[in-house]
């Protein structure tokens, strides 16, 4: 059985190697037609077009050669434009010195100035986190040639097919390898993959690298994106984008790791139901339904993604591509989004705790509970971390609310989002810095990339503004608690160790206190790993939620009462 | 301000220290030779199994002690000079005290087996034992565990988790059947065997054989069998760790004799936890109780006495729990291995053979006496209330859903349980739906 597991791992690894190495292979051949379409949309500089025409069109180039060329030509083009502007500026200076009628001078200066201003349009804006994504990627995507492009079906099976098959074999063999059903965390703290050892570090580098490419340099992911092209065409009729690749990978990874969860926790109905539900919401609501909407020419919309996690819900409302530019269904989506955040979320948190969202519905939570499950023990339980957590997560909530407030202000005041509002900042600046800092870096690169170092809920614990909002409701107005079973705790620490949110569950349990913490996402693992049956997640009457259980003492006296009186 | 010296930083000593700090400004010093900081002894097995790191077994972060002004001292107390209120450490240091709390716990029993001190032979009690096992279990082809108690099965599970073949010698005819009724005991036997642990019932150790390096190489059983092994776990119970008091004025029995205030024969010396022995068992309890919970209770109690509000140690209703490999066990009240004269039993077992409940009640009054459960978690507070109220077995069964503490979505078996009870007792009980109101009704 061990051999079967290793074969599975090998198959999966092969898939990953093919997938990853495809980044470095394949060529791009930009045809005249592709070039014309692309340059007419993206480029205003004639210098660039002319130069690129010579250097790029109909040449066989690797992805990096193509990217470098575009960057170089763009730089040269910009230099050329600056030179032209400088020349014009010189002419202005000269003109000012000539001894002709002031009126004529003014007219000429004005004309030169207009030319200078026009030239600004020819500048190609270069920013490390935007250029590759917005300028280079579309051309690279359209011009890919080479084996993966020509054999998309086979390439899909060699990458996703092998990785998924191998993963299912490897995790499936755990059914026998782990022994009889029960908590089998054997060796987790001793294994290099799960104790920040060398395998963990490789995983860390791989995750971070992938997210950096995905968010900022998708021009290098063209071949991986082509692997799912046929799936995308079949679903929505559109060619695959980097986001389709991400969505498909997300669902695949969650599915394979859900198999692992189903086997690992096959004795625990709560874990089985929860895993199945969160997987369903990911595949149906975050992947299939939005793609089907797109197939019907409707906006891509994830109906379960609640603001402020869905931070751009109110962006560009009345633009063509904004929700209000999309007719009835767009309006419905907007109203649904508002009702979801203002009514459904708090009401559900009141009855069930924030777990209904965080570990039953949410995509981020879904990944954390599947791919992230092997890393849950790595979250820090120190008081210091808790302090950082509270500052950070509430800080992000304030940031999200402020940004959205500004967005709505510009909408209702009918100000263009790029117009300066104060201190040289426009609403657009705030939105894009939120998108960059929080949306990409925090939730993606750090939030998932750091699983193997900081545990699997980095984003949910330290960053998610929706989690912060629900946490406040959970803390102050909810029926949810983790009940501590009288005096049965032996302070062993399994609960704290396996709490992905870094809650020191034991510190409550050993005192006989129920656990009511805003960060608890109700994954139920503390209860599962408890060897003495001490913890139970439940929704009960609010009034007894924080009761300390005097049974604990065993002595027939309420010590707490006495302590209070002594003070 | 008194200086309170506590020997032992296990759950008893540390609980006492924490509660003395809550109640007073006394100077507190805790001495231990085992570890710098308090850790949960019951969790050592999980460190070996790789579920946790040692630091995860420490319930308080290291800054906690300084912040709470509790002095920790790493040292080994070699004797107590009660007349002069001081203790002597093995390095020659003397420490004086106003009040002394002895919380030195237990040590594994050794019964004079030939070869019991060979290399590779060990108990499983302390942090040092854990480190020793880590060393001994390297390249181990087979381990033999001697003694069928809680530590024995834990040690078997530990070694088994590293795929080391284990032979498990148990003196009794069925595992732990001196404590558990036959049905539960049989269920554990099955669990042990299903995990491919070589369980030998009614088998005793005769001697441990040595190789040329003074290392254990095999054991011989009283059935005449020789079993090759390089690790021998001696887990035939524990006894109070009190050798350092042999020549002191403190009165000793098997443990340190204490009264209900946990005071020894010397006024300012107290003993708590595993090492303390009541002159007479309280209620149906044994005079020495080597259980986590009782250690904690004694720690809380002695803290109050020392801080000026003397309180007798008055443990409430008995409860306990354990996990036998994958089988969770809880108990509330008393369910003896053999029913007493006035007792009736009701037993239900799930078809899977992994879950059961066993209820003990009075034959005549039907008063509920206690319950064992395997594979089903129960609410402590509910049973405490029922025991306080002298509820009948019927009342308990009717409201069994109130007491269920299994995680959500778990299959529940109350209907089936009552059906069995009805058919055995000609009753018509129908289980009531769970009621939050009843659960929170204070007795």
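The values are calculated or read from the model by the stated rules, or taken from the named source; none is laboratory data. Everything numeric in this text was worked out from a predicted model, so none of it was measured. In this analysis, Cβ positions are derived from the backbone assuming ideal geometry, glycine residues included, and neighbour counts consider all displayed protein chains.
Given the criterion in contact with a helix residue (DSSP H, G or I) (Cβ under 8 Å, 6 or more places away or on another chain) and outside the structural domain of residue B:279 (by TED's automatic domain parsing), identify the matching residue among B:208, B:227, B:197, B:219.
Result: B:197 is the single residue among B:208, B:227, B:197, B:219 that is in contact with a helix residue (DSSP H, G or I) (Cβ under 8 Å, 6 or more places away or on another chain) and outside the structural domain of residue B:279 (by TED's automatic domain parsing).
Spot the failing condition for residue B:334; the list is (1) away from chain A (no Cβ under 14 Å); (2) out of contact with any strand residue (DSSP E or B) (no Cβ under 8 Å at 6 or more places or on another chain); (3) within 22 Å of residue B:181 (Cβ to Cβ), and only one is missed.
Residue B:334 satisfies every listed condition except (2).
Considering segment A:500-536 alone, what residues qualify as being within 17 Å of residue A:268 (Cβ to Cβ), within 28 Å of the chain's Cα centre (by Cα), within 11 Å of chain B (Cβ to nearest Cβ) and not in a helix (DSSP H, G or I)?
A:522, A:524
Go through segment B:1-28 and give me each residue that's touching a helix residue (DSSP H, G or I) at 6+ places or on another chain (Cβ under 9 Å), away from chain A (no Cβ under 14 Å) and not in a loop (DSSP other than H, G, I, E, B).
B:4, B:6, B:7, B:17, B:28
Out of (1) touching a residue at least 24 places away in the same chain (Cβ under 8 Å); (2) in a helix (DSSP H, G or I), what's the single condition that is false for residue A:398?
Checking residue A:398 against (1) touching a residue at least 24 places away in the same chain (Cβ under 8 Å); (2) in a helix (DSSP H, G or I), the one that fails is (1).
For segment A:32-59, enumerate the residues that are touching a residue at least 40 places away in the same chain (Cβ under 8 Å) and not in a helix (DSSP H, G or I).
A:43, A:44, A:45
Say we look at segment B:135-163 and pick out the residues that are at positive phi and more than 16 Å from the chain's Cα centre (by Cα); which of these is nearest to the other protein chains (Cβ to nearest Cβ)?
Checked segment B:135-163; the qualifying residue nearest to the other protein chains (Cβ to nearest Cβ) is B:163.
Within segment B:48-58, can you find the residues that are in contact (Cβ under 8 Å) with a residue 12 or more places away in the chain and crowded, with 22+ Cβ neighbours inside 10 Å?
Result: B:48, B:49, B:56, B:57.
Looking only at segment B:94-118, how many residues end up being out of contact with any strand residue (DSSP E or B) (no Cβ under 7 Å at 6 or more places or on another chain) and surrounded by 14 or more Cβ atoms within 10 Å (Cβ to Cβ)?
Residues that pass the stated criteria total 1.
Can you tell me which condition residue A:191 does not meet? The list is (1) assigned by TED's automatic domain parsing to the domain that holds residue A:46; (2) more than 30 Å from residue A:25 (Cβ to Cβ), and all the others hold.
Residue A:191 satisfies every listed condition except (1).
Tell me, which helices (runs of 4 or more DSSP H) wholly within segment B:341-443 include 1 or more residues that are within 11 Å of chain A (Cβ to nearest Cβ) and either surrounded by fewer than 14 Cβ atoms within 10 Å (Cβ to Cβ) or touching a helix residue (DSSP H, G or I) at 6+ places or on another chain (Cβ under 9 Å) (or both)?
Here the list reads B:380-388, B:400-403, B:436-440.
Here is a list: B:380, B:399. Which entry is more than 28 Å from the chain's Cα centre (by Cα) and within 27 Å of residue A:489 (Cβ to Cβ)?
B:399
Mind counting the residues in segment A:257-274 that are closer than 29 Å to residue A:231 by Cβ and either within 10 Å of chain B (Cβ to nearest Cβ) or free of Cβ contacts under 8 Å to residues at least 60 places away in the same chain (or both)?
Residues meeting the conditions: 4.
Are any residues in segment A:17-31 outside any loop (DSSP other than H, G, I, E, B) and surrounded by 17 or more Cβ atoms within 10 Å (Cβ to Cβ), and if so, which ones?
Of everything in segment A:17-31, those that are outside any loop (DSSP other than H, G, I, E, B) and surrounded by 17 or more Cβ atoms within 10 Å (Cβ to Cβ) turn out to be A:18, A:19, A:22, A:23, A:27, A:28, A:29, A:30.
For the list (1) more than 9 Å from chain B (Cβ to nearest Cβ); (2) touching a strand residue (DSSP E or B) at 6+ places or on another chain (Cβ under 9 Å); (3) more than 19 Å from residue A:397 (Cα to Cα), I need the number of the one condition that residue A:456 fails.
Every listed condition holds for residue A:456 apart from (2).
Limited to segment A:60-83, what total is found for residues that are over 21 Å from residue A:226 (Cβ atoms), surrounded by 18 or more Cβ atoms within 10 Å (Cβ to Cβ) and in contact (Cβ under 8 Å) with a residue 60 or more places away in the chain?
Adding up the residues that qualify gives 1.
Can you tell me how many residues within segment B:317-340 are in a loop (DSSP other than H, G, I, E, B) and closer than 22 Å to residue B:418 by Cβ?
So the answer is 2.
Kindly evaluate residue B:178 against the criterion of being loosely packed, with under 15 Cβ neighbours inside 10 Å and in contact (Cβ under 8 Å) with a residue 60 or more places away in the chain.
It is true that residue B:178 is loosely packed, with under 15 Cβ neighbours inside 10 Å and in contact (Cβ under 8 Å) with a residue 60 or more places away in the chain.
How about segment B:149-172: which of its residues are assigned to a loop (DSSP other than H, G, I, E, B) and over 17 Å from residue B:229 (Cβ atoms)?
Result: B:149, B:171, B:172.
Please state which of the following conditions residue B:287 fails to meet, knowing it meets all the rest: (1) out of contact with any helix residue (DSSP H, G or I) (no Cβ under 9 Å at 6 or more places or on another chain); (2) in a loop (DSSP other than H, G, I, E, B); (3) surrounded by 21 or more Cβ atoms within 10 Å (Cβ to Cβ).
Here residue B:287 clears every test but (3).
Restricting to segment A:478-499, count the residues that are within 10 Å of another protein chain (Cβ to nearest Cβ) and assigned to a strand (DSSP E or B).
Adding up the residues that qualify gives 2.
Under the condition of being part of a loop (DSSP other than H, G, I, E, B) and in contact with a strand residue (DSSP E or B) (Cβ under 6 Å, 6 or more places away or on another chain), which residue from segment B:264-278 is farthest from residue B:104 (Cα to Cα)?
B:268
Which of the helices (runs of 4 or more DSSP H) contained wholly in segment A:142-256 include at least 2 residues that are surrounded by fewer than 20 Cβ atoms within 10 Å (Cβ to Cβ) and free of Cβ contacts under 8 Å to residues at least 40 places away in the same chain?
A:198-216, A:229-236
Tell me, please, whether a residue that is closer than 30 Å to residue A:181 by Cβ and at pLDDT below 95 can be found in segment B:293-304.
Yes, segment B:293-304 has at least one match.
Give the residue, chosen from A:436, A:425, that is surrounded by fewer than 21 Cβ atoms within 10 Å (Cβ to Cβ), more than 22 Å from residue A:355 (Cα to Cα) and touching a residue at least 24 places away in the same chain (Cβ under 8 Å).
The match here is A:436.
Just one of (1) part of a helix (DSSP H, G or I); (2) more than 14 Å from chain B (Cβ to nearest Cβ) trips up residue A:129, so point out which.
The one condition residue A:129 does not meet is (1).
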